[in-house]
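In what follows, a single structure is set out as C-alpha cells and then discussed.
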There are 2 protein chains.
Amino acid sequence: MNDPGDVPRQPRLTRAEAKARTREQLLDAATRVFARKGYAGASVEEIAESAGYSIGALYSNFASKEQLFLELMSARRERRVNEVASILHAGDPVDALVALLDRSAERDPDLVALRAEFWLYAVRNPEAMDALTAQLRRQVDALIGIISAATERWGTPPDVPAAEVATLVLAMFQGLVRQRRIDPDRVSGELFGQGVRWLFGGLRAASGQQASPGPE
Amino acid sequence: MNDPGDVPRQPRLTRAEAKARTREQLLDAATRVFARKGYAGASVEEIAESAGYSIGALYSNFASKEQLFLELMSARRERRVNEVASILHAGDPVDALVALLDRSAERDPDLVALRAEFWLYAVRNPEAMDALTAQLRRQVDALIGIISAATERWGTPPDVPAAEVATLVLAMFQGLVRQRRIDPDRVSGELFGQGVRWLFGGLRAASGQQASPGPE
DNA sequence: GTCTATACGGCGATAGAC
DNA sequence: GTCTATCGCCGTATAGAC
C-alpha cells in the first residue's frame with residue numbers, strides 16, 4: 001500500500017536503535033580503557049578504536065570525555081542487585097554475605113580499579129561527589145537489609161544499629177580487596193568471612209546476650 | 001693558609017647541600033601536586049613552579065616524571081613510625097590503636113589520595129608493586145606488634161593469629177577513611193573504635209575464653 | 001645548578017565529506 | 001550516524017646560556 005519497490009519494511013535496527021547500540025559499545029570500551037589507563041591516562045582515540053568506531057562517532061554520542069566518564073560511572077551501578085533475595089535463602093548468613101560481596105568483586109577485575117578511579121575523581125571534583133554518595137548509600141542500604149535479616153535469624157538483638165555494622169562490613173571488605181591486590185598471599189579468600197564472624201561475635205557479646213553461636 | 005682573598009670559607013650551603021635542598025623542595029611540591037591532580041593529570045611544569053623552580057631544575061634532579069613519582073612514594077614511608085611505643089603506654093589499647101591510625105590519616109589529608117594513586121599505579125605497572133607490598137607489610141607488622149601487646153594485656157589468648165587480625169583492622173580502617181570522604185555524616189569518628197572493640201570481642205568469644213572485658 | 005627557549009609528540013575537540 | 005582530516009593546545013623532555 002505505502003511502500004513500493006524493494007525497501008525493507010522492517011530494517012533490523014532503526015537509526016535510533018543503531019545509535020543506542022553504538023553508545024552501549026562505546027560505554028563498554030570506555031569501561032575497559034578507563035579501568036586500565038585511568039581517567040586522565042585514557043585517550044578518546046583508544047576508547048573509540050577499542051569499540052570499533054572512530055573519534056567522530058564518539059563525539060557524536062557524548063559531549064566530552066568527561067561526560068562519557070560520568071555517564072559510565074552512573075550507568076554501571078544499575079547492573080547488579082536483585083540477587084540478594086535468592087542468596088539469603090542459603091544456609092549460613094555469613095557465608096551468604098561473603099559470597100555476595102566476593103561475587104561483586106570477581107565479576108569484573110577492572111571494577112575495583114574503576115571504583116578507585118571514580119573515588120579519586122570525586123575527591124578532586126566535588127560536583128561529582130553526589131553521585132558517588134548515592135552509590136555508597138545504596139550499597140550500605142542493601143547490606144543493612146541482609147545483615148538485619150541475618151542477625152535476626154541468628155539471635156543478635158536489634159539494639160545494635162545495623163547501619164553502623166553494614167558500614168564496617170563494607171569497609172572491611174573494600175580494604176581487603178585492595179590489600180589482596182598488593183599482597184595476595186597474606187589475604188586469604190576466607191579472611192573476610194573470618195572477620196565478619198569475629199565482628200558478629202563481638203556484637204553478640206556487646207549486647208549482653210549469649211545467643212546460639214550459629215553454625216560453623 | 002689555603003685560601004687567599006675574599007672567598008667565604010664556609011658558604012651557608014655547599015653545592016651538594018643546595019642541590020639536596022632543591023630535591024627536597026621538589027619532592028614536597030610533587031607530593032602536593034600529584035595528590036591534587038593525580039599522576040597522569042599532574043604536569044612537571046606545575047610541580048616545578050609550585051616548588052619555586054623551573055622545569056630544567058626538575059630534570060636536573062630527576063630523570064623523568066615517573067622516577068620522581070616513584071622516588072616520592074618510597075621516600076615518604078620513612079616519615080612516621082616510632083611513636084608507637086609511646087602511644088602504647090596509654091590506657092585503653094583500642095583507643096591507642098585508633099589514635100595511631102587516625103593520626104596517620106589526619107596528618108596530611110592529601111596522603112589518602114596519594115595512597116590511592118599509588119595503588120592504581122602499582123596495579124597498572126606491576127614492576128612497582130614490590131615497593132607497595134613492602135610498605136603494606138611494614139604497616140601490618142607494626143600493627144601486629146601493637147595488637148599482640150594489647151591482646152596480651154587484655155587477656156585474649158595468643159592462639160589467634162595476630163597477622164590476620166592486623167590485616168582486618170587495617171582493612172577496616174582504610175575502608176572507613178575512604179567512605180568518610182564520600183559520606184562523612186554516616187562515618188562518625190568513633191565508628192572505627194567501635195568496630196575494633198566488636199572485632200576483639202568476637203576474638204575473645206571465639207577463643208572460648210571469658211577474659212575480663214577490659215575498660216569501657 | 002638553575003634558567004630560558006624550544007623540539008617533538010599526543011591529546012581533546014571540531015568541520016565537513018559521505 | 002559515522003568517518004577522515006585537521007586545528008590548536010599542552011604535555012614531557014632536551015639544549016645551551018648564564
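Of all residues in the stretch B:11-35, those being small (Gly, Ala, Ser) and either surrounded by 14 or more Cβ atoms within 10 Å (Cβ to Cβ) or within 25 Å of residue A:40 (Cα to Cα) (or both) number 3.
Cβ-Cβ contacts under 6 Å between residues 6 or more apart (or on different chains), taken from a first residue in the stretch B:64-75 that is outside any helix (DSSP H, G or I) to a second residue that is at pLDDT below 95, are absent. A single member of A:161, A:109 is exposed (fewer than 15 other Cβ atoms within 10 Å of the Cβ), more than 25 Å from residue B:123 (Cβ to Cβ) and more than 7 Å from chain B (Cβ to nearest Cβ), and it is A:161. Please pick out the residue among A:215, A:184 that is at pLDDT 95 or above and either surrounded by fewer than 22 Cβ atoms within 10 Å (Cβ to Cβ) or more than 9 Å from every other protein chain (Cβ to nearest Cβ) (or both). The conditions single out A:184. For the stretch A:36-59, the set of residues classified as surrounded by 13 or more Cβ atoms within 10 Å (Cβ to Cβ), part of a helix (DSSP H, G or I) and within 8 Å of DNA strand D (Cβ to nearest atom) consists of A:48, A:55, A:57, A:58, A:59, listed by residue number. The set of residues in the stretch A:62-78 being at pLDDT below 95 and closer than 15 Å to residue A:32 by Cβ consists of A:75, A:76. Taking (1) surrounded by fewer than 21 Cβ atoms within 10 Å (Cβ to Cβ); (2) within 13 Å of chain B (Cβ to nearest Cβ) in turn, residue A:143 satisfies each apart from (1). Taking the stated definitions as given, is residue A:7 away from DNA strand C (no atom under 14 Å from the Cβ) and modelled with pLDDT under 85? Here the answer is yes, as residue A:7 does meet what is asked.
The values are calculated or read from the model by the stated rules, or taken from the named source; none is laboratory data. In this text the structure is predicted, and so the values were computed from the model without any measurement. Neighbour counts are summed over all protein chains in view; Cβ atoms, including those assigned to glycine, are modelled from backbone coordinates with ideal geometry.
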